[in-house]
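Below: one structure, written as structure tokens.
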Amino acid sequence: KTYKIAVIPGDGIGQEVMPCGLASLRAAASRFNFTLDITSFDFASCDYFDKHGTMMPPDWVEILRPFDAIYFGAVGDPARHPDHITLWGSLLQMRRQFDQYVNLRPCRLVKGVPSPLKDPGEIDFWIVRENTEGEYSEVGGKIFEGTEREVVIQETVMTRIGVDRILKYAFDLARTTKRKKLTSATKSNGIKITMPYWDSRFHLMAKDYPEVKTEQFHIDILSAHFVAKPSHFDVVVGSNLHGDILSDLGPAVTGTIGIAPSGNINPEGKWPSLFEPVHGSAPDIMGKGIANPVGMIWAGQMMLLHLGEKEAAEAMLRAIDTVLGRADGNVLTPDMKGKGTTQKLGDAIAEAVATV
Ligand code: NAI
Ligand code: MG
């Protein structure tokens, strides 16, 4: 079987970790007998913007649409161009245009990766974030700008279709896990129109999934629980803003943002889904060759799972666990308290993908 993959390294450490991701994916492909037909693109980067004055070519939708998936590094470099131009001009366009309404992030404590918590317990949960509407809308405006009477308004947009489809994805996922538990992030005590609506759709849908245990927490105490008892969670679903916050907090309690992957998924497969590490372009460490490549590699693992290559995906996860579990200080990157390099760690995992 052949999969057409669009590769977009982007900016900063995106370009440094991408080769590691590709090395592991190639190792998986040759071991499990499928072919990755890879095309690399230089757009969605500050270099491209400098040359063309836009982040992406005008026909980017037609260019990317035929691919089975997009494998994405990171975009943005605030020292060169502001984030609202670089991120809004690329990644956020893709998420919206390709209707990638699910942002999926696994949070797992991996042996060998130091957690900032003293007694983290067993952490293994999913965050399902709504990725196309909610608080991140373009509805709003300003009046009396620059005067004392200045007014700024930004609306939250929730549609029944938008809320129901993300909740359904989360319930379907919770149904497949061992613990079958779904937690909803809300704030209906403060946000009194949209959040009670979210809650009502959640409770209504729960009736269709009697096998799934449900609960809800306000986002403030939920954030506290993420730190105090992360082992409690199984699948957590949230609106765009709540999910955004939780999906950085989740990986943080498992150790380093450098290992966390994410999928921007269009479950119906009408459009290509996009897989990327959670981290950004990390300008503070770029060019040093010390970026942790695990987030990029793990994102490739999620991509294989999405494409239906279950065995290969399992082998990739085993490879990550095996190499990190060795806790070899010469291989682990500095964010995991080692003195290894991007290349060293990437090579070790690619080798393990071929063998373990
Ligand atoms: P960042 O994730 O790039 O960096 C945050 C901190 O984590 C930095 O100290 C960095 O050195 C460290 N870090 C991140 N990834 C690492 C890795 N793989 N290995 C070791 N350390 C790692 O977030 P920041 O600094 O807020 O943003 C930098 C740029 O990236 C901005 O332009 C931002 O908009 C963009 N960004 C892009 C994202 C994307 O493409 N999906 C996501 C987040 C930020
Ligand atoms: Mg974020």
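Per-structure values
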| quantity | calculated |
| --- | --- |
| Helical contribution to [θ] at 222 nm, DSSP H n ≥ 4, -39,500 (n - 2.57), averaged over the chain, rounded to 500 | -12000 deg cm²/dmol |
| Theoretical FRET efficiency, 1/(1+(r/R0)^6), r = Cβ-Cβ of THR147 and LEU92, R0 35 Å, to 0.05 | 0.70 |
| Per-residue ³J(HN,Hα) for region 288-299, Karplus 6.51 cos²θ - 1.76 cosθ + 1.60, θ = phi - 60°, Hz, x for Gly and Pro | 8, x, 10, 5, 6, x, 5, x, 5, 5, 5, 4 |
| TYR197, TYR169 arranged by Cβ crowding within 10 Å, fewest neighbours leading | TYR197, TYR169 |
| Set of aspartates and glutamates near LYS180 by C-alpha distance (under 17 Å), chain-local residues within fewer than 8 positions excluded | GLU122, ASP124, ASP172, ASP208, GLU211, GLU215, ASP234 |
| DSSP beta bridge pairing in region 1-107, given as percent antiparallel to the nearest 5 | 10 percent |
| The chain, dipole about Cα centre (Lys/Arg Cβ +1, Asp/Glu Cβ -1), debye to the nearest 20 | 1060 debye |
| Volume per residue of the C-alpha convex hull in region 91-171, rounded to whole Å³ | 193 Å³ |
| Cα lying deepest toward the dipole's positive end in region 115-254, options TYR136, LEU173, MET158, charges on Cβ | LEU173 |
| For region 115-254, radius of gyration divided by Kirkwood radius, i.e. Rg to Rh on alpha-carbons | 1.04 |
| Set of aspartates and glutamates near LYS288 by C-alpha distance (under 12 Å), chain-local residues within fewer than 8 positions excluded | GLU16 |
| Descending semi-axes in Å of region 197-353, equivalent ellipsoid built from Cα gyration tensor | 31, 20, 15 |
| Sorted by Cβ density within 10 Å, fewest first, the residues HIS81, HIS242, HIS52 | HIS52, HIS81, HIS242 |
| Cβ-based exposure ranking for TRP88, TRP126, in which fewest neighbours within 10 Å come first | TRP88, TRP126 |
| Neighbour-limited loop hits for GluC sites (Glu not before Pro), region 101-188 (at most 13 other Cβ within 10 Å; DSSP other than H, G, I, E, B) | GLU122, GLU138, GLU145, GLU148, GLU150, GLU155 |
| GNM top mover of ASP68, ASP37, ASP244 - the chain, alpha-carbon springs below 10 Å | ASP37 |
| Convex hull per residue volume in Å³, alpha carbons only, for the chain | 152 Å³ |
| GLU268 paired with GLU155, simple spin-label distance in nm, labels 7 Å along Cα-to-beta-carbon | 2.4 nm |
| GluC sites (Glu not before Pro) lying in DSSP loop within region 269-350, provided at most 16 other Cβ fall within 10 Å | none |
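Bear in mind these aren't lab numbers, they're just calculated from the coordinates by the rules spelled out. Remember, it's a predicted structure, so these values are computed and weren't measured experimentally. Positions of Cβ are generated from backbone atoms using ideal geometry, with glycine treated the same way; all protein chains shown enter the neighbour counts.
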